[in-house]
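A.B. asks: Here's a structure for you.
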Amino acid sequence: MNDQTANGGGEQATALVTGAASGIGQAVARQLKSQGWRVTGIDRAPLGKTDAGGTDHIIADLADPDDCAEVCRTIRGRRWTALVHAAGVMRSDAHADTWRSGGAELWAVHVAAAARLVDAIADTMPDRRGRVVLVSSRAARGRAGRMLYAASKAAMDGLALSLAQDLIARGITVNVVAPGTTDTPMLADPERGDAPVALPPLGRLIDVREIAATVGFLLGADAGAITGQTVYQCAGASLTMPGAAFGKRVHANREDV
């Protein structure tokens, strides 16, 4: 999609992309820039040299309420065509801090930040062309040992459905893309805890560019009649769950509650 089709004229399309420094967010930002969008990224990490050109970047930790509030003040009042909320963290139930807090960081990043960002920019999004895409996870349908993570991702479906109803009269669409195991730096994050990486039934990890392509479609004019939907792009993980995944409950750290 080019800038003319994004806004119906010569005005350049603008996208706010969270998690833009790596993984899916980075892939989305790169794709949009290649299609003529102006991209503003948000991440707690700075952009690499290859991504810095043509991209505004806000360094902020969306898990921090003060950082999130400051971001909302910064972006409010500007005209945004789209929001892609790809920022995310993975924590298993065995992660001590996550369990003690009841998944507060997971909720703050995946749900609260998304709601606050949409609230900050929805008023200035163009009618009939505004787009919101939230990046969730196949784990939203349940994953052993990841109750809190799965719950925070599942909440994104309810958030998107509610936002879609709020914005439908203006023709602004809100959708969710829920990937399966995707080849991102998050797979090597030591903070994942007891969360082994398993190949999906398709036999390979999903490429971030495949997710970015789906997000790009949902941002385009051809997806204008799709709203309130969750697209599972999971390489077959929703078709079956290996028997080994059942009966595994993580008890570590629960005595600390």
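The values are calculated or read from the model by the stated rules, or taken from the named source; none is laboratory data. This structure is a prediction, so every number in the text was calculated from the model and none was measured. A quick note on method: Cβ atoms are made from the backbone with ideal geometry, for glycine too, and the neighbour counts reach across all protein chains shown. The accessibility values were calculated without ligands, DNA or RNA, using every heavy atom of the protein model including side chains. Shrake-Rupley method; radii C 1.70, N 1.55, O 1.52, S 1.80 Å.
A.B. asks: On full extension of the chain, what length is gained from residue 101 through residue 124, given 0.36 nm per residue of separation minus the C-alpha to C-alpha distance?
C.D. replies: 4.8 nm
A.B. asks: Another question about this same structure. Set the Förster distance to 22 Å, then compute FRET efficiency between residue 50 and residue 12 from the Cβ-Cβ distance, nearest 0.05.
C.D. replies: Efficiency for this residue pair is about 0.55.
A.B. asks: Taking the solvent-accessible surface of protein heavy atoms with a 1.4 Å probe, what is the per residue accessible area of the stretch 132-180 in Å²?
C.D. replies: 31
A.B. asks: Still on this structure, please answer the following. Order the peptides 103-114, 126-137, 56-67, 17-28 from the highest to the lowest mean number of other Cβ atoms within 10 Å of their residues.
C.D. replies: Numbers: 103-114: 21.7, 126-137: 23.2, 56-67: 17.0, 17-28: 26.2.
Output ranking for 103-114, 126-137, 56-67, 17-28: 17-28, 126-137, 103-114, 56-67.
A.B. asks: Related question: Work out how much length residue 204 to residue 79 would gain on full extension: take 0.36 nm times their residue separation and subtract the Cα-Cα distance, in nm to one decimal.
C.D. replies: 41.1 nm
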